[in-house]
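The values are calculated or read from the model by the stated rules, or taken from the named source; none is laboratory data. This is a predicted model, so every value here is computed, not measured. Ideal geometry is used to build each Cβ from the backbone, glycine not excepted, and the neighbour counts take in all protein chains shown.
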Amino acid sequence: MRSHRSLVGACLAVVIATAAGCSTPAALGPRSAPNGPTSTGPLPRALTPAEDARLLYAEDLIVHACMARSGLRFVAEPLAASSRPAAEQRYGTADIAAARAHGYGYSETPAGQRRADSTSADPNEAYQHTLSPDAQRAYETALYGTAASRPQVELPDGQGLVIATEGCVAEARKRLYGDDLRGYLISQHVTANLEGHIAQDVRDSKAYRSALGGWRTCMANRGFSFATPQEARQGGETAAHKGGRAAEIRVATADAECGWDHRLLATAVDLEQDRFADTGPELTAWIREFRSRRLAALSKARELIRAESRSRG
Amino acid sequence: MRYTKTLGTIAGALVLAGGSMLAASPPASALAAAPSGCPSGALCVYSGLNYTGSHSYLQDCNRYWSAFGRDNISASWFNNGTSGRWSRIWVDPNFGSANWSADARGTGDPDGRDRVAYNAGSSNDWPWSPSDAAAC
């Protein structure tokens, strides 16, 4: 284990070290990536988990068709995911009405959809393990191109990122997010790691920990001994499987009411916005690039999924 | 890829080979390719920059890298997973409440020196979204 290090380079260290007086321009310095996005203005909203799941399903539909052209099997399945903001998964929920009506949504997962968690089996991984070593290599080449064909691009901190520009995954990404694959993948890498880093910073903050203490006491008074909203959410999922929808709703409602009373989500969102503002214009431009491309891809994804549904009759 | 293996079976997914450490590694800009030998479906983690040195090929989620000698030995890594899952390397064992480094499918960090997981990786999982709660 190692203590706090910067994330996407020295520039991102500013995010976690703002209180220590680091300055964004100095940290970015001469190592900034050339030809980064230059757009300005307010950040577009982040996609919800359900929207992310829709894009992933659309990617996989394209990959499926592409692999089929080479006679290879690739299963594309929709993922069930919450239509609530992703911030609720990171920090806690405060939507009491939704919790009373739907719980966390686990009991309402449509039949035939995989849950968007890390424990569900993946049919493509399982299929791949049935192939011979040579066939596995051919499968990988069809997905990503040959190992030698994957270039290294420069991230804003000057470090490299190896990406796939050939193969079926690249084809899917280009169709959905545009031909500038390099720009998209840099924006994706920067945004994902930065968001995670900021989330950890928010959870470690004094204001959030104070709100969390109130939430914990409130939950305990209702008979639930969860340390964090993430644990409550997992408890709700377990309750859904064991006790059904009513049990899930009881956990989710207590979670949301305690979260509302102690401003858990509101406190976190305020802190998160402050942290994003502290990242400086270059990183903000990459985040804006990422979110804009994802938002623009939603309508294409919807069309692809609709066409797939029609073809299945 | 399965995500519920116990530690007793994780070691089977591990390949350790002797090799040079960081000092012998070429600079990141010298190479521009995915690591050869990284199996399809795996998160491949290396002791040296540019996918050199000793390596672990991780097909599953792993709560304790110390169980197979990989704890805090992670200078470069690559997500060669088949599905749309992200590979995520946590700096705490058992996905503790610390930081992580994440890579989308088909991408990798050949030089992790500015990443939180650089020589700090202690567990890994495969979330659908990088900000998902840890699950294994």
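Regarding the range A:128-138, can at least one residue be identified that is under 17 Å from residue A:290 (Cβ atoms), at pLDDT below 95 and more than 7 Å from chain B (Cβ to nearest Cβ)?
No: zero hits.
Just to be sure, is residue A:290 among the hydrophobic types (A, V, I, L, M, F, W, C), out of contact with any Lys or Arg (no Cβ under 8 Å at 6 or more places or on another chain) and modelled with pLDDT of 95 or more?
Considered against the rule, which asks whether it is among the hydrophobic types (A, V, I, L, M, F, W, C), out of contact with any Lys or Arg (no Cβ under 8 Å at 6 or more places or on another chain) and modelled with pLDDT of 95 or more, residue A:290 comes out as yes.
Would you check if residue B:50 is at pLDDT below 95 and crowded, with 22+ Cβ neighbours inside 10 Å?
Considered against the rule, which asks whether it is at pLDDT below 95 and crowded, with 22+ Cβ neighbours inside 10 Å, residue B:50 comes out as yes.
With B:53, B:41, B:37 as the choices, which residue is closer than 23 Å to residue A:151 by Cβ, without any contact (Cβ under 8 Å) to a residue 40 or more places away in the chain and at the interface with chain A (Cβ under 10 Å from one of its Cβ atoms)?
B:37
I need the full set of residues from the range B:86-102 which are among the charged types (D, E, K, R) and more than 7 Å from chain A (Cβ to nearest Cβ), in order please.
Scanning the range B:86-102 gives a single hit, B:88.
Are there any pairs with C-beta distances below 7 angstrom linking a residue in the range B:106-133 that is under 20 Å from residue B:59 (Cα atoms) and more than 7 Å from chain A (Cβ to nearest Cβ) to a residue that is part of a helix (DSSP H, G or I) and modelled with pLDDT of 90 or more, with the two at least 6 apart or on different chains, and if so which?
B:121/B:65; B:123/B:65; B:123/B:93
Would a scan of the range A:90-103 turn up a residue that is of a type in the set (Val, Ile, Thr), assigned to a helix (DSSP H, G or I) and modelled with pLDDT under 50? Steps first, answer last, please.
Taking the range A:90-103 as the starting set, the residues that turn out to be of a type in the set (Val, Ile, Thr) are A:93, A:96.
Now narrow it down to the ones that are assigned to a helix (DSSP H, G or I): A:96.
Keeping just the survivors that are modelled with pLDDT under 50 gives none.
No, the range A:90-103 contains no residue that is of a type in the set (Val, Ile, Thr), assigned to a helix (DSSP H, G or I) and modelled with pLDDT under 50.
Filter the range B:66-79 down to the residues that are more than 7 Å from chain A (Cβ to nearest Cβ) and outside any helix (DSSP H, G or I) and list them by number.
Within the range B:66-79, B:69, B:70, B:71, B:73, B:74, B:75, B:76, B:77, B:79 meet the criteria.
Quick check on the range A:119-166: of everything there that is touching a residue at least 40 places away in the same chain (Cβ under 8 Å) and assigned to a loop (DSSP other than H, G, I, E, B), which residue is nearest to residue A:285 (Cα to Cα)?
The qualifying residue nearest to residue A:285 (Cα to Cα) is A:156.
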